[in-house]
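For reference, the structure is listed below as structure tokens.
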Amino acid sequence: MSAVNIVKRNNTEYVNGLLSQLNQSISSNSNDYKRSIETVAYSETVQKFLSAADPTRKFELFTQLEAYLSDMAGMKEGILDIALVDKNGAVYNLRADADPFAALSKEIPRNNLYYFLGLKMIDISYMTTPVLVAGAPIYSTAEFEAGRNELGTLLLVINNRLLFGNGTPVHLPEGAFVYMTDRSGRLFYTNDDSSKLGEPIPEDKLLDDKYTIQREAIPDLDGGIVIKMTNRVFLQGLNKIRQEQLIMVAIALVLMIVPLLYVSNNILQPLKKLMRLMGEITLGEKKNLSKRVVVDGYAEMIIMASRFNEMLAEIEDLTDHLLESKRVLYETELIKRRAELSLLQSQINPHFLYNTLESIKGLAADDGSSQIFELTEALSMFFRYSIKGPDMVTLERELIIIKNYILIHQIRFGKRLQVEYDLCTKCLAYLVPRMILQPIVENAIKHGIEPLKRTGLLRIKGYRDGENLLLFVEDNGSGISPDKLAEINASIDLRRSTADSLDGYSESGIGLSNVHDRIRINFGETYGIGMTSELEGGTTVSITIPARREA
């Protein structure tokens, strides 16, 4: 009976372990779904969409909302659909039939941050599908006045078979059944084909004397897990214990034979130790390299173990040297890249400062007009922006500084300098490296417009192309010859702009090269700038970077 009790106790602990493992997996995944609910409910996109009162504005925001919900649904395996229900009962979702969501939203308590409704039958892709639904009320982050801050409800449609990970629960013994129920006691998962999802566990399945039943609650769903295992499987370890007892008796008899015991002590035991350590080494864990084997027995076994220990010591030393070398190389490369970026960002052409100061002096000498104030304010804003601030700014912020920069030049050149802007409004929210446009605009004014005797026109354009943001700076200057243009483009890629090779374009070549390098350091080798020009037809510099928004 003691062996039976031991087997029962061990198997009970094993099943409890399975229950705990299942609950941990469900808890981990439910936490992920909770974070998804919180992220979506209080994202800027959802808040703006639900807060919009004007139908036209709401329609404009719907495309952004649809793309955002699609991205969020793809970030976590198991999310089949995301639905928003506004205060008026209007439903916005991706895949499923929208009809049930308005009613489901009313089942979500208003005082809960998260709430799992349990199993629901919803039409997805024209097929009625059993799913789990979780949700939360959405409150405005801008208005906190009581009674006015609720915007709607967020509902998450989850694959009921993926709540515990990869669609398959933990490995169960042969003949064992698992039942998982939601807060209403309805089955949302079972491996028992005779039971139907959406209905309670049949009472006759829980009262069979041939089975051992164990239960555990699912806190997040207010549901439960039931594992049912046949008594035959539950006690199947008993024969194994008896077999092990017989083997132990046989081994005890064998060990009584002195010659065999002598051989075992001097050859077999050392070999087992050596093979055990070899097996640990093959696992590939570095900590095992520090282990050593100590054996007694014949001299040959001791020598072999000693040589093996020496080999392990050499492998451990080589591994340590290799890891240290990789660490040093990585830190060196990181420092090099940071220093390079810092150097590129710190290069500002003083030519602009000199011209600006000359303009201020000229205006002051002429009539002390209000332009002095505008010029000084623009200059102050420009240099504060160029010296301090984050590495990445919105295109809208960058354009404000560029407009101030061009204003300074327009005071200097008068009507000789005209400027046009043609930028997509949505592109203004995308992130660009700080001071990315100034060197290019400076180059266009200095080399393209300043030498002209006629009115110079500067165009700044931008739009999104797929996953990229494209920016253009164009001028109507006299242009660049094909040979000189080829030299400038080569210097941008090879970082070798020199006064000898580029003559009057040396400074512009450095500025363009710096912009090109900064883009590649930030985004990779597939991005950067390009330059085209025609004699008497003007010059165009294009910038290609990823279209990214603030997180």
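A few points about this structure:
- Single unsatisfied condition, PRO100 versus (1) modelled with pLDDT under 90; (2) in a helix (DSSP H, G or I): (1)
- One residue stands out among those in segment 173-204 that are surrounded by 16 or more Cβ atoms within 10 Å (Cβ to Cβ) and hydrophobic (A, V, I, L, M, F, W, C): the one that is farthest from MET121 (Cα to Cα), which is ALA176.
- Some residue of segment 70-89 being among the hydroxyl-bearing types (Ser, Thr, Tyr) and within 25 Å of ARG110 (Cα to Cα): no
- Pair list, Cβ under 8 Å, 6 or more apart: segment 407-422 residue without any contact (Cβ under 8 Å) to a residue 12 or more places away in the chain, other residue of a type outside the set (Phe, Trp, Tyr): GLN410/LEU417; GLN410/VAL419
- Per this entry, GLU487 is not counted among residues that are over 27 Å from the mean Cα position of the chain (by Cα), exposed (fewer than 14 other Cβ atoms within 10 Å of the Cβ), closer than 26 Å to TYR527 by Cβ and not polar (S, T, N, Q).
- Subset of segment 32-71 [under 29 Å from LEU221 (Cβ atoms) and in contact (Cβ under 8 Å) with a residue 40 or more places away in the chain]: ASP32, TYR33, LYS34, SER36, ILE37, GLU38, VAL40, ALA41, TYR42, VAL46, GLN47, LEU50
- Breaking point among (1) at pLDDT 90 or above; (2) surrounded by 22 or more Cβ atoms within 10 Å (Cβ to Cβ), for GLY477: (1)
- Filtered residue count, segment 72-104, keeping only those that are among the aliphatic types (A, V, I, L, M) and in contact (Cβ under 8 Å) with a residue 24 or more places away in the chain: 11
- Identity of the residue in segment 293-314, surrounded by 13 or more Cβ atoms within 10 Å (Cβ to Cβ) and assigned to a loop (DSSP other than H, G, I, E, B), that ends up modelled with the lowest pLDDT: GLY297
- Answer residue from segment 498-551, given it is β-branched (Val, Ile, Thr) and at pLDDT below 85 and is farthest from VAL473 (Cα to Cα) among those: THR498
- Residue match in segment 78-87 (condition: assigned to a loop (DSSP other than H, G, I, E, B) and within 12 Å of LEU154 (Cβ to Cβ)): no
- Only one of LEU255, LEU274 that is over 30 Å from ILE315 (Cα atoms) and either at pLDDT below 75 or outside the structural domain of ARG307 (by TED's automatic domain parsing) (or both): LEU255
- Total residues in segment 110-138, condition without any contact (Cβ under 8 Å) to a residue 40 or more places away in the chain, of a type in the set (Ser, Thr, Tyr) and in a strand (DSSP E or B): 2
- Number of the condition not met by GLY462 [criteria: (1) at pLDDT 90 or above; (2) over 25 Å from SER513 (Cβ atoms); (3) touching a helix residue (DSSP H, G or I) at 6+ places or on another chain (Cβ under 6 Å)]: (2)
- All conditions but one from (1) farther than 19 Å from GLY511 by Cβ; (2) assigned to a helix (DSSP H, G or I); (3) polar (S, T, N, Q) apply to SER478; the one that does not is (2).
- Positions within segment 374-426 being modelled with pLDDT of 75 or more and acidic (Asp, Glu), in sequence order: ASP391, GLU396, GLU398, GLU420, ASP422
- Look at (1) at pLDDT below 90; (2) in contact with a helix residue (DSSP H, G or I) (Cβ under 8 Å, 6 or more places away or on another chain) and you find that LEU155 fails only one, number (1).
- Residue in segment 43-56 that is surrounded by 15 or more Cβ atoms within 10 Å (Cβ to Cβ), under 19 Å from the mean Cα position of the chain (by Cα) and closer than 30 Å to ARG215 by Cβ present: no
- Any hit, segment 52-62, residues being polar (S, T, N, Q), assigned to a helix (DSSP H, G or I) and touching a helix residue (DSSP H, G or I) at 6+ places or on another chain (Cβ under 7 Å): no
The values are calculated or read from the model by the stated rules, or taken from the named source; none is laboratory data. The structure displayed is predicted, hence computed values, not measured ones. Cβ sites come from the backbone with ideal geometry, for glycine too, and all protein chains shown count toward neighbours.
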